[in-house]
1. Which of the following residues is assigned to a helix (DSSP H, G or I), under 19 Å from S69 (Cβ atoms) and among the β-branched types (V, I, T): V13, V5, V54, V24?
2. Do we have F27 as touching a Lys or Arg at 6+ places or on another chain (Cβ under 9 Å) and surrounded by 10 or more Cβ atoms within 10 Å (Cβ to Cβ) here?
3. Every residue in the stretch 43-87 that is at pLDDT below 65 and over 23 Å from the mean Cα position of the chain (by Cα), please.
4. Return the pairs, sorted by first residue and then second, in which the second residue is surrounded by fewer than 13 Cβ atoms within 10 Å (Cβ to Cβ), the first residue lies in the stretch 33-51 and is of a type in the set (D, E, K, R), the beta carbons are less than 9 Å apart, and the residues are 6+ apart or on different chains.
Amino acid sequence: MRLIVTPILILLVMGQAFSHWFMVMSFKMNQDFITKNICENRYRPKLKCNGNCVLMKKLKQQEKEEQNSPVAVKLELSTIIISSRSFFANIDFGSGLIPKTYLPLLNSGKPVGRSIAIFHPPAA
């Protein structure tokens, strides 16, 4: 399913992004036909329009369609406040995760050689 959907989505995104270039390329490929049959200035060869009038009209029409289409999608993000008490799991080490035979080794009652104070940034 991915092998089918992925190329289609890529082509759609590229088609939208490069639509002006596709229009110019199709004009260049059909320029002779457009010059002889569709061009407004085909009966005035001194102007040397070569069908550019048709290309400019189509590009302007496409720009108007892009401006009129509601492209902007506004997302409303709400702020979610999560309390630290509900976000982190409370683990009680004495409740069975550690066998009771090792519990006395965790707290030997001797003072520890490091400070207990919580780090505070320097006061200005």
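The values are calculated or read from the model by the stated rules, or taken from the named source; none is laboratory data. Bear in mind that the values here come from a model prediction, so they are computed numbers and not experimental data. Backbone-built Cβ (ideal geometry, glycine too); neighbour counts: all protein chains shown.
1. Values: V5 fails: under 19 Å from S69 (Cβ atoms); V54 fails: under 19 Å from S69 (Cβ atoms); V24 fails: under 19 Å from S69 (Cβ atoms).
Being assigned to a helix (DSSP H, G or I), under 19 Å from S69 (Cβ atoms) and among the β-branched types (V, I, T) holds for just one of V13, V5, V54, V24, which is V13.
2. Answer is yes for this residue.
3. Scanning the stretch 43-87 gives I81, I82, S83, S84, R85, S86, F87.
4. Final answer for the pair search is E40/K57; R42/K36.
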